[in-house]
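Participant: My questions will all concern the structure given below.
The values are calculated or read from the model by the stated rules, or taken from the named source; none is laboratory data. Everything numeric in this text was worked out from a predicted model, so none of it was measured. Neighbour counts run over all protein chains shown; Cβ positions are idealised from the backbone, glycine included.
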Amino acid sequence: MLSENEESEKIVRQLLLATLAQAVVVVLAGLNLALKFPAHSVGSLDFVHWREIFAMLVVLPATVVITFNVIWILERGHRDDAKRPITIFMVSVCLLGISMGVHEPIYTLPYSYPQLVPTLNFWDEFFSHIIFYLSYIGGSLSLLWSQARNPLPVAMSRKNTVVFTCIAIMAGVGIFLTLVRGGCIRVDLIIIALVLIAAEWLRKGKSMRYLPIALAIEGAYFLAFLGLLVQRLLVGRL
């Protein structure tokens, strides 16, 4: 049987690989929106862009698989009641699929017919965004709750704490790139702030060295929030 130190190191290694993989996905998602190449049409299909294909067929599946893996690692000690955070996560995944399935195709449609603009605006700007925010909140809180329920038996080493901090910075850059080119992001900033408040409530003052996932998520969200807020204040377009 593994000692507490050995068990903690094993969990940290598994979580480190998973969070690093997710940070890479987040950065790729940000570059997918920031770079010009993904906006090119797919062959002769003017209304289909590589950006939407990459988002729906790469970013979404990778995020779901990695996030589920993280929750599974954390919940190994509570298999009897692990269904609660996993259920929240699965509902969030369904909402995310609905949101992207509505937003990505409609976003590419040319608003050529004035009579359709109100309908397209409703599904794209209102419905898909509301569903996405619910998915984002549910997915984030399921991870944070799962981590709060399952802290490490032994605090991480300083080296691993630095590594998770670097992963948080990397993910924060990805989130920043995802939102920086958008229009009004006030609602996005409010949602991020609310998730950060909820994360601190779930953490209940416990050291981040026992909560590597909380460190990665809160660090990424805080850095993205701060960077986006400063950028919008500088350009005068919050």
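Participant: Suppose we keep only residues that are surrounded by fewer than 20 Cβ atoms within 10 Å (Cβ to Cβ) and in a helix (DSSP H, G or I) within the stretch 196-207. Which one would you say is nearest to the chain's Cα centre (by Cα)? Steps first, please.
Facilitator: Filtering the stretch 196-207 down to residues surrounded by fewer than 20 Cβ atoms within 10 Å (Cβ to Cβ) leaves 196-198, 200-207.
The next check asks that each one be in a helix (DSSP H, G or I); those that pass are 196-198, 200-203.
Numbers: LEU196: 13, ILE197: 16, ALA198: 15, GLU200: 17, TRP201: 19, LEU202: 18, ARG203: 19 Å.
Filtering first and then ranking leaves LEU196.
Participant: Can you tell me which residues in the stretch 88-103 are farther than 9 Å from ILE131 by Cβ and of a type in the set (Val, Ile, Thr)?
Facilitator: The answer is ILE88, VAL91, VAL93.
Participant: Let me ask something else. Would it be correct to say that ILE169 is closer than 23 Å to VAL102 by Cβ and assigned to a helix (DSSP H, G or I)?
Facilitator: Details: closer than 23 Å to VAL102 by Cβ: no; assigned to a helix (DSSP H, G or I): yes.
Considered against the rule, which asks whether it is closer than 23 Å to VAL102 by Cβ and assigned to a helix (DSSP H, G or I), ILE169 comes out as no.
Participant: Quick check: is even one residue across the stretch 209-229 of a type outside the set (Asp, Glu), free of Cβ contacts under 8 Å to residues at least 40 places away in the same chain and in a loop (DSSP other than H, G, I, E, B)?
Facilitator: Restricting attention to the stretch 209-229, the residues satisfying the condition of being of a type outside the set (Asp, Glu) are 209-217, 219-229.
Of the ones still in play, those that are also free of Cβ contacts under 8 Å to residues at least 40 places away in the same chain are 225-226.
Subset that is in a loop (DSSP other than H, G, I, E, B): none.
Checked against the condition, which is being of a type outside the set (Asp, Glu), free of Cβ contacts under 8 Å to residues at least 40 places away in the same chain and in a loop (DSSP other than H, G, I, E, B), the stretch 209-229 yields no hits at all.
Participant: Which condition number does LEU143 fail, the rest of (1) within 16 Å of the chain's Cα centre (by Cα); (2) under 19 Å from THR19 (Cβ atoms); (3) free of Cβ contacts under 8 Å to residues at least 60 places away in the same chain being met?
Facilitator: (3)
Participant: Being over 17 Å from ARG149 (Cα atoms) and more than 16 Å from the chain's Cα centre (by Cα) is the filter; apply it to the stretch 208-227 and report the residue that is surrounded by the most Cβ atoms within 10 Å (Cβ to Cβ).
Facilitator: We begin by selecting, within the stretch 208-227, every residue over 17 Å from ARG149 (Cα atoms); these are 219-227.
If we keep only those that are more than 16 Å from the chain's Cα centre (by Cα) as well, we get 226-227.
Values: LEU226: 12, GLY227: 17.
Result: GLY227.
Participant: Mind counting the residues in the stretch 182-195 that are without any contact (Cβ under 8 Å) to a residue 24 or more places away in the chain and within 18 Å of the chain's Cα centre (by Cα)? Write out each step before concluding.
Facilitator: Of the residues in the stretch 182-195, the ones without any contact (Cβ under 8 Å) to a residue 24 or more places away in the chain are 182-183, 190.
Narrowing the set further to residues that are within 18 Å of the chain's Cα centre (by Cα) leaves 182, 190.
So the count comes out to 2.
Participant: Could we say that PHE164 is among the aromatic types (Phe, Trp, Tyr), over 19 Å from SER8 (Cα atoms) and either crowded, with 20+ Cβ neighbours inside 10 Å or at pLDDT 95 or above (or both) here?
Facilitator: Details: among the aromatic types (Phe, Trp, Tyr): yes; over 19 Å from SER8 (Cα atoms): no; either crowded, with 20+ Cβ neighbours inside 10 Å or at pLDDT 95 or above (or both): yes.
It is false that PHE164 is among the aromatic types (Phe, Trp, Tyr), over 19 Å from SER8 (Cα atoms) and either crowded, with 20+ Cβ neighbours inside 10 Å or at pLDDT 95 or above (or both).
Participant: How many residues does the stretch 146-162 contain that are part of a loop (DSSP other than H, G, I, E, B) and under 23 Å from the mean Cα position of the chain (by Cα)? I'd like the intermediate steps shown before the answer.
Facilitator: Here is the first cut: in the stretch 146-162, the residues part of a loop (DSSP other than H, G, I, E, B) are 150-157.
Next, from what is left, pick out any that are under 23 Å from the mean Cα position of the chain (by Cα): 150-152.
Going through the stretch 146-162 one residue at a time, the tally reaches 3.
Participant: Restricted to the stretch 102-135, and to residues that are assigned to a loop (DSSP other than H, G, I, E, B) and farther than 21 Å from ILE53 by Cα, which residue is modelled with the highest pLDDT?
Facilitator: It comes out as TYR113.
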